[in-house]
Amino acid sequence: MTRQLGRPLLLTSAGLLAALVFWIDSIPEYDFSISILYLAVLVLVSAVGSGKAVGRAAGACVILAVCAWAVNNLHQPSPTSALRCVLACIAILVTAALLISRKRLEATKQDLELSRSQVELFANSVPYVLWRSNPRGEIEYLNESWTAVTGLDRWTVLEGQRYNDVVHPEDMAVLVETVTAAVASRTTTNLKVRIRQVDGRYRWMQIYDNPVLSPLTGQVERYGGLSDVHDEVTAKEELQKVRAELEESRTELVTFTNMVPQILFRADRNARVDFYNERFTQVTGRDLHAVIEKQDWIEDFHPDDREAYLDNLRRSFASGDELRDTFRLRHADGSYRWMSIVGRPVRVAEGAEEIRYYGGVSDIHDEVTAHQKVRELNETLEQRVEERTTELMRTERRYAGLFDVSNITFAEMDFSAAGKILDEIKASGVSDLRAYMMAHPDELTRTLDAIHTTRVNEALARLMGFESVAELVANPPQQNADDGPEVLLRQLEMYFYGIDHIDGRTTLTGKGDQRIPVYFTVTRLPDGLHLSSHLNLSDQEKIEEMRRAAQAELARANRVATVGAFSASIAHELNQPIASMLMDAQTGLRLVARETPDLATLGRILQRVEKTAQRVAGIVQRTRENIVAGRRQARAINLPLLISDTRDLLDLDLKRSDVDLEIICADAVPMINGDPVELQQVFVNLINNAADAMRGQPGVRRITLRIAAEATAVRVKVADTGPGIPEEYLEKLFEPFFTTKATGIGMGLQICRSAVEAMGGQLTVANQMSGGAIFTFDLPLAPEGTRLHG
Ligand code: ADP
């Protein structure tokens with residue numbers, strides 16, 4: 001407002017001043033010039049006017065000065081006045097020029113100021129951090145965006161040159177290196193680093209720092225800036241990650257397709273294949289890429305299948321249907337195998353017209369050939385069934401003939417129902433059938449009940465004492481053998497363990513409960529049938545029994561005689577001392593019965609009784625030794641033979657006691673020296689004792705007799721699986737009359753020990769770790785010359 005009012009005021013004042021100066025100057029009476037005051041007019045004009053106004057004012061002032069001079073001096077011009085006028089004009093013009101020039105300078109300055117503030121405004125309004133640095137790389141200017149971005153005061157940062165504080169520590173090294181190199185080589189820095197933002201988080205920013213030759217200083221200055229490229233960088237990273245993932249899943253997909261045990265393919269509707277997995281090469285032996293390039297996949301098809309396949313393919317592809325076919329494909333080894341192909345049409349994209357076929361080719365050769373075989377078999381089945389039936393009928397007739405007319409006994413039993421039960425038992429995890437059946441008698445009965453005799457022949461009926469099979473069927477015995485269930489259990493084991501054949505001895509129960517010892521064999525036939533045959537052993541058994549009975553009788557007589565002789569001898573020898581002890585006892589009793597017993601005499605009598613009793617023991621010992629010694633007839637003995645004879649002797653007894661006798665004999669046993677009768681008695685005693693100890697005992701009942709040749713003797717061991725000998729009896733066992741048996745006399749072991757000692761050996765007893773007792777003794781070798789191997 002003041003400026004608006006001041007301007008006309010000053011211009012008016014300038015005009016009035018000019019008019020005043022002209023008026024005074026034009027007064028002729030004044031011989032002086034005040035035209036210099038026109039300069040003040042110019043100053044006033046220049047204060048508010050433009051350069052042009054000053055110019056115009058200067059022109060007007062010059063005209064006024066010249067006019068004033070002319071008014072006063074034109075009638076009589078003088079050089080002095082003219083010079084004065086000229087000087088005044090020059091002064092006006094020079095001042096005007098100076099004022100105009102000042103005006104111009106001011107205008108330029110204003111312009112400069114304007115553009116500087118415009119630049120500053122621009123620099124601060126762009127969303128980038130901008131700076132200028134000196135040739136040494138020190139930043140001298142930072143725009144306001146610095147503070148907006150980093151939150152740090154730009155002036156403080158400039159003062160301390162601490163702009164690197166905002167750079168991520170991990171990017172620091174590369175930044176320093178890059179900037180230093182760029183400053184040194186005067187090249188542009190273009191780098192992405194992470195810059196800490198006002199919120200403390202780091203963002204990726206692009207540093208662009210360019211060297212520029214300053215026209216003002218003639219030096220290289222650097223102008224640069226920071227732009228936020230975080231989103232771009234992270235997007236790029238994200239993109240790279242997605243790309244890597246894509247690549248990974250692509251590789252995985254390729255690996256997967258190559259692992260599939262089928263040929264996989266992709267084709268367009270023109271049957272142009274553009275993908276095969278590696279299986280194609282493995283199967284056909286041809287390079288899949290070459291085949292894709294040449295599109296000659298039909299070459300691998302069997303010539304006979306090509307046309308039909310291509311027809312089907314064209315039809316399916318034309319209609320956009322699924323492709324399904326089978327054909328023979330040539331494999332790498334040149335052979336053709338039946339393959340099945342399935343191709344599914346899939347649209348390239350949702351709603352797109354174009355479709356591709358994705359599919360697989362799998363090997364169905366085995367199924368196809370199996371089907372072919374089944375077809376062929378079906379075609380010939382009827383004929384084969386007929387042939388087989390005729391053959392079977394022929395076999396059946398032969399078998400039936402053999403069965404019925406033979407003198408050999410046959411019985412056919414059907415185990416198929418029992419077999420089913422056994423299958424169930426096996427499936428439940430049972431491995432020891434016998435143990436299982438023993439533990440489950442009901443199950444055994446159920447299984448045995450499931451066995452049926454389907455056929456017996458005449459020979460068997462006759463063996464059992466019947467007139468015919470019809471009579472046998474009409475009067476079946478309650479139990480057909482002594483150990484019938486055992487034999488049947490063995491037959492169940494045949495089924496259970498897949499044994500084809502068993503045999504053994506048993507005693508059949510025939511007509512009128514007659515007992516027929518037989519040797520039997522059982523053979524497994526197909527369809528769960530068992531065929532058994534029997535051999536009558538009655539005659540052989542009778543003879544054998546008589547022989548054994550005679551031998552056993554002999555042995556028993558021998559034993560009775562031994563004990564008898566021994567008893568007689570003892571009785572004879574003991575008669576006198578026992579009579580003496582009796583008398584002493586009677587005298588003693590009388591002495592005790594008196595009113596005042598004669599204790600001194602009683603003591604003497606008792607001492608005599610003691611001495612007599614000791615004599616009795618001595619007599620027993622000596623008498624026995626005499627008996628044994630008296631019978632000794634030492635000679636060379638073939639031990640294995642003697643043992644074999646003894647076994648025969650005891651066979652029946654052992655069988656009755658259900659005891660096994662196992663004889664383990666070294667290959668070559670030298671002859672020994674001894675009394676065969678006594679030695680046999682030793683074996684008889686030891687074996688009988690062992691059998692007695694095991695009688696009625698469950699589990700294994702076995703006596704093992706071992707003979708082994710030592711350096712100077714033959715060692716004999718008799719072991720059993722019985723209860724063994726209680727510790728407290730081990731010492732007493734060989735004492736006379738020691739027995740634990742109700743009917744025993746306790747002399748057996750005493751006699752055995754004496755007999756062995758008499759032959760130069762020593763009989764000892766021990767308990768085995770595995771249970772049972774073991775008796776051991778050595779027998780001396782026969783003298784050289786008589787010592788032939790047994
Ligand atoms: P006896 O046979 O008349 O009892 P022995 O002298 O032959 O007389 O046997 C004495 C005792 O030794 C027997 O009653 C028996 O208790 C014990 N004995 C003998 N042999 C065995 C054995 N193998 N196992 C367990 N005890 C045995």
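The values are calculated or read from the model by the stated rules, or taken from the named source; none is laboratory data. As the structure is a prediction and not an experimental result, all values here were calculated from the model. Positions of Cβ are generated from backbone atoms using ideal geometry, with glycine treated the same way; all protein chains shown enter the neighbour counts.
Odds and ends about this structure:
- Within the stretch 661-707, the set of residues being closer than 16 Å to LEU641 by Cα and in contact with a Phe, Trp or Tyr (Cβ under 6 Å, 6 or more places away or on another chain) is empty.
- Taking (1) in contact with a helix residue (DSSP H, G or I) (Cβ under 7 Å, 6 or more places away or on another chain); (2) not in a helix (DSSP H, G or I) in turn, TRP146 satisfies each apart from (2).
- Of all residues in the stretch 26-83, those satisfying the criterion of being in a loop (DSSP other than H, G, I, E, B) and not aliphatic (A, V, I, L, M) are PRO28, GLU29, TYR30, ASP31, PHE32, SER33, GLY49, SER50, HIS75, GLN76, PRO77, SER78.
- Strands (runs of 3 or more DSSP E) within the stretch 675-790 that include 1 or more residues at positive phi and more than 9 Å from the ligand (Cβ to nearest atom): none
- Each residue in the stretch 196-242 was checked for being without any contact (Cβ under 8 Å) to a residue 24 or more places away in the chain and farther than 14 Å from VAL166 by Cα, and 18 of them qualify.
- Being in contact with a strand residue (DSSP E or B) (Cβ under 8 Å, 6 or more places away or on another chain), under 16 Å from GLY419 (Cβ atoms) and outside any helix (DSSP H, G or I) is a property that holds for HIS530.
- Failed criterion for LEU377 (all others in (1) among the aliphatic types (A, V, I, L, M); (2) modelled with pLDDT of 85 or more; (3) assigned to a helix (DSSP H, G or I) hold): (2)
- Selection from the stretch 404-445 of residues that are surrounded by 14 or more Cβ atoms within 10 Å (Cβ to Cβ), part of a loop (DSSP other than H, G, I, E, B) and within 43 Å of the chain's Cα centre (by Cα): VAL430, HIS440
- Number of residues in the stretch 132-160 that are among the small types (Gly, Ala, Ser), more than 21 Å from ARG201 (Cα to Cα) and surrounded by 14 or more Cβ atoms within 10 Å (Cβ to Cβ): the value is 2.
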